[in-house]
């Protein structure tokens with residue numbers, strides 16, 4: 001294979017592209033275990049190199065999860081999908097060092113997401129409960145410094161640690177939006193959305209019912225993609241101005257939101273300042289028509305019994321959190 005020709009490999013857990021240029025060696029890796037098939041990568045890819053791979057369902061559960069595939073001949077290693085991936089399933093290195101070229105060259109913003117731990121507010125008797133309720137296993141206890149540690153590079157900012165710690169963890173999600181569950185429109189016995197949800201925002205409770213804990217939703221939209229009641233789209237042309245030029249692009253506009261069992265909307269995103277054409281196009285394709293202003297209030301969320309009930313594990317810790325609400 002000649003220098004510069006991309007080489008692709010794929011198995012059940014990992015997909016890679018390697019392109020060895022004269023002065024730059026690119027490696028892109030997709031962790032297919034982390035990938036939830038959310039469709040964000042295919043939506044934002046400026047070269048249409050990424051395609052959605054549908055999930056396989058059986059008896060209302062996922063037999064084979066959704067994922068993505070890549071056309072290595074189209075991929076230009078820009079890194080937009082890396083920054084946009086809500087579960088950190090994609091890694092890009094240039095000359096063996098992590099790099100996102102579109103961010104390096106100011107063509108795409110960094111998404112503003114944070115998880116902050118405030119030790120002075122933390123009840124350390126809850127530390128095992130917090131660790132158990134982190135769906136990505138990025139929280140740990142450091143006994144030498146008697147503190148909690150967070151692997152920020154892999155945190156998906158689901159906010160379960162916020163509720164489980166009574167606010168000692170503070171989380172800022174990148175996307176602001178909404179999620180609505182209409183159980184009456186679900187197919188009987190289907191729990192595929194709960195199977196794929198990376199945060200347990202959608203889960204099955206002790207009574208065997210599908211339940212939504214909206215505060216934990218990261219707006220990835222994987223639930224909509226795996227639901228057997230499919231969203232319907234039509235192509236819509238939009239125009240925007242960049243560097244004095246009027247540009248036209250197309251986006252997928254949702255047509256049947258009122259009949260879907262689960263609907264995720266993205267209103268806006270917290271990000272660093274960038275006004276490039278690549279960013280404006282990606283944002284328009286990802287966000288919904290109307291920017292809404294009603295958001296879930298953090299202080300109220302910390303005192304919602306349904307969010308505490310959605311946490312898993314230690315019944316005693318959940319009971320303590322609920323008793324604190326009732327005081």
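Which length gain, in nm to one decimal place, applies between residue 105 and residue 185 when the Cα-Cα distance is subtracted from 0.36 nm times their residue separation?
Extra length available between residue 105 and residue 185 comes to 24.2 nm.
Principal axis extents for region 50-199, Cα atoms only, whole Å, descending order, please.
Result, largest extent first: 51, 50, 27 Å.
Restricting attention to the alpha-carbon atoms of region 141-276, what are Rg (one decimal) and Dmax (integer), both in Å?
18.9, 58
Counting only helical runs of four or more DSSP H residues, what would the 222 nm mean residue ellipticity of the chain come to if each run contributes -39,500 (n - 2.57) and the total is spread over all its residues?
Per the formula, -4500 deg cm²/dmol.
Name the residues of region 16-44 whose amide N is less than 17 Å from a point 7 angstrom out from the Cα of residue 136 along the C-beta direction?
29-41
Under the definition of Cα pairs under 8 Å and six or more residues apart, what whole-number percent is the relative contact order of the chain?
Relative CO of the chain lands at 17 percent.
Of the listed values (i) 227; (ii) 149; (iii) 162, grab the one calculated as volume of the Cα convex hull per residue in Å³ from the structure here.
(iii)
Within region 86-122, whose backbone N sits under 20 Å from a point 7 Å along Cα→Cβ of residue 243?
Backbone N within reach: 101-110.
Roughly what % of Cα-Cα distances in region 1-65 sit above 19 Å, to the whole percent? Please list the in-between numbers first.
Working: 960 of 2080 pairs.
Of the Cα pairs, 46 percent sit more than 19 Å apart.
For region 217-327, how big is the tail of P(r) above 23 Å, as a whole percent of Cα pairs?
On the way: 3144 of 6105 pairs.
Within region 217-327, distances greater than 23 Å cover 51 percent of Cα pairs.
Each value in this text was obtained by applying a stated rule to the coordinates, not by laboratory testing. No experiment lies behind these values; they were computed from the predicted model shown. Heads up, the Cβs are rebuilt from the backbone with ideal geometry, glycines too, and the neighbour counts pull from every protein chain shown.
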